[in-house]
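Structure first, commentary second.
Quick note: the coordinates plus some simple rules give every number you see, no bench work behind them. Everything numeric in this text was worked out from a predicted model, so none of it was measured. Using ideal geometry, Cβ is built from the backbone for each residue, glycine included, and neighbour counts are taken over all protein chains shown.
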Amino acid sequence: MHVDQIIANALLVDGTGTPPATGAVALTGDRIMGVGALPGWTADEVIDAAGLALAPGFIDAHTHDDAALLGGDLAPKISQGVTTVVTGNCGVSLAPLRLAPGASLPGPLDCIADPAWFRFDSFAAWTAALADAGTTTNVVPLVGHGTLRVKVMDRIDRPASEGEIVQMEALVDEAMAAGAFGLSSGLFYPLAAAAPASEVTRLAVRAAAHGGVYTAHIRDEGDHVIAALEEAIGIAADAGLPLILSHHKVSGRANHGRSRETLALIARAATRQPVWLDAYPYAAGSTMLNERSCAASSRTLVTWCASRPEFAGQDLADVARTLGLSEAEAIAALQPAGAIYFMMDEADVERILCCPETMIGSDGIPADAHPHPRLWGSFARVLGHYSRQRGLFSLEEAVRRMTALPAARFRLADRGVLAAGAHADLVLFDPDAVADKATFADPCQPSAGIHWVMVNGVRVWDQGSATGARPGRIVVRA
Ligand SMILES: [Zn+2]
C-alpha cells in the first residue's frame, strides 16, 4: 500500500485505553489508512517519531469557543493537542441571538464574546458562518437554554410563559436540524435561575427527539449540590436523553470532601439512565463576577472588567482596598466583570478526575483579558501533572478520557481513535516532557512537549506555532 504519509516508530496511544505500543500510522488525505507495524507500506513522506507519543487529537468536551472559532486560530486549544471542541455549554451559545445595537448582554453571555459577535439570528446562520470562514478545529455545537431565553423573553427573572416555551421549542428544533448535538443549560446563572425544571424539560424533549444530549451546569455546586444534581438527572430522565454533568465539582469550604457523595449519586443514577460528566483539572473555577461564588472562595481573582480593565489579574481584596470599598461593594462597582474563584478542594478534584467516566473539558473562557489557566493548560496538565507526576492514571487512560470516551458520549463518527478509516486528527507529543505552562499569574502560555497537531490530515500547530490552516469541520452526529 502506498500512502501520502507514514509517521513511524511512534509510541501509539490509540485512545481506547489499550497499553501503548511502538508502531506506525499511515495517512492519505484526511484519513488514517493503517495503524501498526505496516510491513511493506510506502509513502511520499516518512516521519520518524522515535521517542514520541502519537495519539488521537484531544476532544475538549466543554468549551465556550463559539465566537473564538470565527475570530482566531484557537491557539489556546491547538497548542495543547485539542482538535475538536464542544461549544455552547452552560446555557450560553452564541446562536441563535441577534442583539440590537447598543443592547446590553446579560452575564454570562458577556463572558463568551463581545456584544458585536451576537449577530446570528438562527443557528444555521452561525454554522454557515463557521463553514464559510473555516475553523482551526472540528466543532461539536450545543444550543443554550439561556441564549434562547434572551432571544424570546422580554425579561429573564421569571419562568417562560407557555407561548415563550413553544417559541424556544421551535428554536431547539431549528438548532438540531442545523447540526447541534444537544441542549445545554446553566440554571446557576441569573439568566436562567428563574426557570423551573419543567421549562428545561420541554426543550430537552425536543433535543431528545433529534437524538441529542443534555449538558447541565447545575443550579448549585455548593451547599445544595445534591438537590441540583437530582434536578438535572430528573430533567434528563423525563426528557429521555443522556445527561452530561458539566465541570463537575463541589465548591465552598463547608462542602470539601462531598465529591464522595456526588460521585456515589451519579453512579447510582447511571444504573438507571445515561449520566456522564466532564471536569477541568484545577481546584479553582471561573465565571462572571458574583457574590455567591466569592462567598464560597478563599481567594478571588478578577479576570476582566469592562469599566476598569487595569484590574484584570488582580485579587478582588486588593481591588476593593484600592477603591476604598467592601468586597460586596466592589463586586457591584466592577460589573460587568469576570473572576477566578479558589473554592474547591484538591482531593475532590483528584477524586472526580479518577472517575473512569470523567471526560476532560477545559471550560476555558477565550474572551477573558486574564483567563483561568485551564484555557491553555487543561489537557497538558492531565497528561503531565495528574498522569505522569501524580500517577492518578496511566498515559493510555489519560488519553482515553480526552479522546475515545468523549467521541463515544457525543457520538462522533470515526474520531477519538487511531484506527484505519478514522479522521486524521492527531497529536504528536513527548510523554516525558508534556506539561502545562499556563499559571494563574501568567495564564496565556502554550504547553510544553507538544510537537505538532493535525486536524483532518492538516497540521494546525507545528513546533510551537499555529500554522494558520483552517481544516476543521462541523462534526456530523453518528
Ligand atoms: Zn458552566
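Some points to look at:
- Approximate spin-label separation D154-R119, in nm, with each point projected 7 Å along Cα-to-Cβ: 2.9 nm
- On full extension, the segment bounded by A413 and A193 gains 75.7 nm, given 0.36 nm per residue less the C-alpha separation.
- The label point for S465 and the one for A209, both projected 7 Å from the Cα toward the Cβ, are 5.1 nm apart.
- Normalised by 2.2 N^0.38 Å, with N the number of residues, the alpha-carbon radius of gyration of the chain equals 0.94.
- Qualifying trypsin sites (Lys or Arg not before Pro) in the stretch 214-312, where qualification requires a DSSP coil assignment and no more than 11 other C-beta atoms within 10 Å, comprise R272.
- Added length on full extension, which subtracts the Cα-Cα distance from 0.36 nm per residue, A103 to A37: 17.8 nm
- Put the Cα centre of the stretch 92-169 next to the Cα centre of the stretch 205-263 and the gap is 22 Å.
- Each Lys or Arg adds one and each Asp or Glu subtracts one; over the other residues with Cβ under 12 Å from the Cβ of E169, this totals -3.
- √(5λ) per eigenvalue of the Cα gyration tensor, the stretch 87-199, largest first, Å: 22, 16, 13
- Stretching the chain fully between R390 and A420 yields a gain of 7.5 nm (0.36 nm per residue, less the alpha carbon separation).
- Protection proxy ranking, peptides 190-203, 367-380, 150-163, 85-98, average beta carbon neighbours within 10 Å, highest first: 85-98, 367-380, 190-203, 150-163
- Viscosity 1.002 mPa s, 20 °C: Kirkwood-radius Stokes-Einstein D of the stretch 392-478 over Cα pairs, µm²/s: 147 µm²/s
- Ranked by how many other beta carbons lie within 10 Å on average, peptides 319-328, 115-124, 419-428, 71-80 from highest: 71-80, 419-428, 115-124, 319-328
- Summed side-chain charge close to A312 - residues other than A312 whose Cβ falls under 14 Å, Lys, Arg +1, Asp, Glu -1: -4
- Ordering I226, I233, I47 by the number of other Cβ atoms within 10 Å of each residue's own Cβ, fewest first, gives I226, I47, I233.
- Efficiency of FRET from Cβ geometry, E261 and A21, R₀ 45 Å, rounded to 0.05: 0.70
- Coupling constants for the stretch 217-234 follow from the phi torsions by the Karplus curve (6.51 cos²θ - 1.76 cosθ + 1.60, θ = phi - 60°), and in residue order they are 8, 5, 5, 8, 9, x, 4, 10, 4, 5, 4, 5, 5, 5, 4, 5, 4, x Hz; glycine and proline get x.
- Based on alpha-carbon atoms, the Kirkwood radius and the radius of gyration of the stretch 38-118 give Rg/Rh equal to 1.22.
- The peptide list 403-409, 52-58, put in order of mean Cβ contacts within 10 Å with the highest first, becomes 52-58, 403-409.
- If R0 is taken as 51 Å, the Cβ-Cβ distance between R268 and H2 corresponds to a FRET efficiency of 0.45.
- In nm, spacing of pseudo-spin labels at A448 and D432 (7 Å Cα→C-beta vector): 1.3 nm
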